[in-house]
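Enquirer: This structure is in structure tokens; I'll ask about it shortly.
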Amino acid sequence: MDESSKLKRAVQRLSGHVLENITLLKMLEAYGDQMDCKLVEQGREWAVLLCLPASCSSYDRAVYPEAKSIVFVGGTDTTAILELLNRLTIQKPVIFKTQKEEYRQVIESKYQVEKIRSFYTYSCLERIPEPEISEIVEEDVVNENLIPLWSNNGYDSQELRKMFEQGARSYTLYEAGEPVSTCLTFHNYGPVWEIGAVNTRDDHRGKGYAKKIVTAAVNYLLVRKFLPRYQVLESNWPSIKVAESLGLTRVVTLEHLYFGV
């Protein structure tokens with residue numbers, strides 16, 4: 001099977017569980033032509049490793065400047081995953097990104113790795129009961145007054161404009177004409193839409209504003225038959241509290257594992 005065919009088969013397999021494999025699918029979409037794809041299929045069982053030079057990914061260049069390779073893992077057969085790891089030729093340091101405990105266990109059986117960080121993905125399939133949120137303003141164009149708040153979450157103006165060109169919307173709560181809490185919905189992959197850039201001004205935190213805007217965002221997506229995704233770093237307890245207080249379910253834990261010796 002040539003490289004193009006392997007990539008297409010990998011996408012087909014991973015798309016069977018889109019939220020579980022969203023990171024791999026998104027990276028394939030963005031960097032598929034720069035990846036080394038290793039795939040094993042045996043009937044209904046399968047395994048895939050996607051190897052990407054760390055220099056290709058702006059996120060990984062910034063967060064892991066010393067890394068040489070990023071390896072994404074997926075599949076249903078841990079024996080096949082180990083077989084693919086045995087075929088792997090990579091430059092160290094390596095960051096493995098895994099979304100299942102059994103993947104991590106297979107990697108740990110071969111490499112001495114250290115968990116660097118984890119991300120939690122939350123989602124839901126039913127609308128959240130809404131409090132009175134008439135004061136929230138929904139916009140489908142970039143509001144220049146909101147860019148400073150979104151920038152606190154690492155988004156730059158060029159990236160934001162591209163998101164809105166592709167259908168992003170903002171949800172913002174105002175007081176006395178000033179924005180005090182805001183978030184975005186934007187397309188991630190396939191049916192999955194992200195809820196991101198959640199930010200409340202320091203002097204207005206603790207008032208439940210983030211819950212209001214995230215509720216509006218989630219319900220907007222569900223009404224339109226999109227699949228909401230709310231991702232948060234494991235150490236971001238305020239954001240985790242928002243997700244869990246709204247009844248969102250944690251569906252994936254993505255771990256970053258460091259191998260450098």
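Enquirer: Along the Cα-to-Cβ line of T76, 7 Å from the Cα, sits a label point; which residues in the range 33-64 have backbone N less than 17 Å from it?
Expert: 39-49
Enquirer: Using a Förster radius of 22 Å, what is the FRET efficiency between E178 and E244 based on their Cβ-Cβ separation? Nearest 0.05, please.
Expert: 0.15
Enquirer: Find which of I147, S170, W46 sits farthest along the positive direction of the dipole of the chain, computed with +1 on the beta-carbon of Lys and Arg, -1 on that of Asp and Glu, about the Cα centre.
Expert: It is W46, whose Cα lies furthest towards the positive end.
Enquirer: Something else about it: Treating only the Cβ of Lys, Arg, Asp and Glu as charged (+1, +1, -1, -1), what charge dipole size does the chain show about its Cα centre? Round to the nearest 20 debye.
Expert: 580
Enquirer: Something else: Can you check what the net charge comes to around N219, using other residues whose Cβ is under 13 Å from the Cβ of N219 (Lys, Arg +1; Asp, Glu -1)?
Expert: It works out to a net charge of +3.
Enquirer: Please compute the length gained on full extension between K68 and N145, using 0.36 nm multiplied by the number of residues separating them and subtracting their Cα-Cα distance.
Expert: Fully extending the segment from K68 to N145 adds 23.8 nm.
Enquirer: OK, next. Semi-axes of the range 74-173's equivalent ellipsoid from the Cα gyration tensor, sqrt of 5 times each eigenvalue, largest first, rounded to whole Å?
Expert: That gives 41, 19, 13 Å for the three semi-axes.
Enquirer: Counting only DSSP beta bridges with both residues in the range 1-145, what percent are antiparallel, rounded to the nearest 5?
Expert: So the antiparallel bridges amount to about 80 percent of the total.
Enquirer: Can I ask one more? At what distance in nm do the modelled label points of D33 and R61 sit from each other, each positioned 7 Å from its Cα along Cα→Cβ?
Expert: Here the modelled spin labels are 1.7 nm apart.
Enquirer: Would you mind counting up the charge near T200? Only other residues with Cβ under 13 Å from its Cβ, with Lys and Arg at +1 and Asp and Glu at -1.
Expert: Combined, the nearby Lys, Arg, Asp and Glu give +2.
Enquirer: For the range 122-220, give the magnitude of the charge dipole about the Cα centre (Cβ charges: +1 Lys/Arg, -1 Asp/Glu; no others), in debye to the nearest 20.
Expert: In total the dipole reaches around 260 debye.
Enquirer: Measure nothing fancy, just the Cα-based angle from helix 3-14's long axis to the longest principal axis of the chain, in degrees from 0 to 90, nearest 10.
Expert: 60
Enquirer: Please compute the length gained on full extension between E83 and E45, using 0.36 nm multiplied by the number of residues separating them and subtracting their Cα-Cα distance.
Expert: The span from E83 to E45 would gain 12.3 nm if fully extended.
Enquirer: Here is a follow-up. Dipole of the chain (Lys/Arg Cβ +1, Asp/Glu Cβ -1, origin at the Cα centre): which of V252, S157, G75 lies farthest to the positive side?
Expert: The residue sitting most towards the positive pole is G75.
Enquirer: Divide by every residue of the chain the summed helix terms, -39500 (n - 2.57) for each DSSP H run of at least 4, and state the resulting mean residue ellipticity at 222 nm, rounded to the nearest 500 deg cm²/dmol.
Expert: Theoretical 222 nm ellipticity from helices: -9500 deg cm²/dmol.
Enquirer: Find the accessible area per residue for the chain; the probe is 1.4 Å, ligands and nucleic acids are left out, and the unit is Å².
Expert: Per residue, the chain has 49 Å² of solvent-accessible surface.
Enquirer: For helix 22-31, what angle does its Cα long axis make with the longest principal axis of the chain, in degrees from 0 to 90 and rounded to 10?
Expert: Approximately 80 degrees, to the nearest ten.
Enquirer: Probe radius 1.4 Å, ligands and nucleic acids ignored: give me the carbon and sulfur share of the accessible area of the chain as a rounded percent.
Expert: On the chain, the fraction of accessible area on carbon and sulfur atoms equals 47 percent.
Enquirer: Anything over 25 Å Cα to Cα? Flag those among K38/K92; K68/K115; K8/K92; K207/K241; K26/K100; K26/K110, in the order listed.
Expert: From the list (K38/K92; K68/K115; K8/K92; K207/K241; K26/K100; K26/K110), the Cα-Cα distance tops 25 Å for K8/K92; K26/K110.
Enquirer: Also, quick follow-up: Using the beta-carbon distance between E138 and S4 and R0 = 41 Å, what value does 1/(1 + (r/R0)^6) give for FRET efficiency, to the nearest 0.05?
Expert: 0.50
Enquirer: Distance in nm between label sites at H17 and S118, each 7 Å beyond Cα in the beta-carbon direction?
Expert: The answer from the label model is 1.6 nm.
Enquirer: Run the simple label-point estimate for R161 and K92 please: 7 Å along Cα→C-beta, distance reported in nm.
Expert: 4.5
The values are calculated or read from the model by the stated rules, or taken from the named source; none is laboratory data. It should be emphasised that the depicted structure is a prediction, and the values quoted were computed from it without experimental measurement. We place every Cβ from the backbone using ideal geometry, glycine too, and count neighbours over all the protein chains shown. For the accessible areas, the whole protein counts, side chains as well, though only heavy atoms, and no ligand, DNA or RNA atoms are used. Shrake-Rupley method; radii C 1.70, N 1.55, O 1.52, S 1.80 Å.
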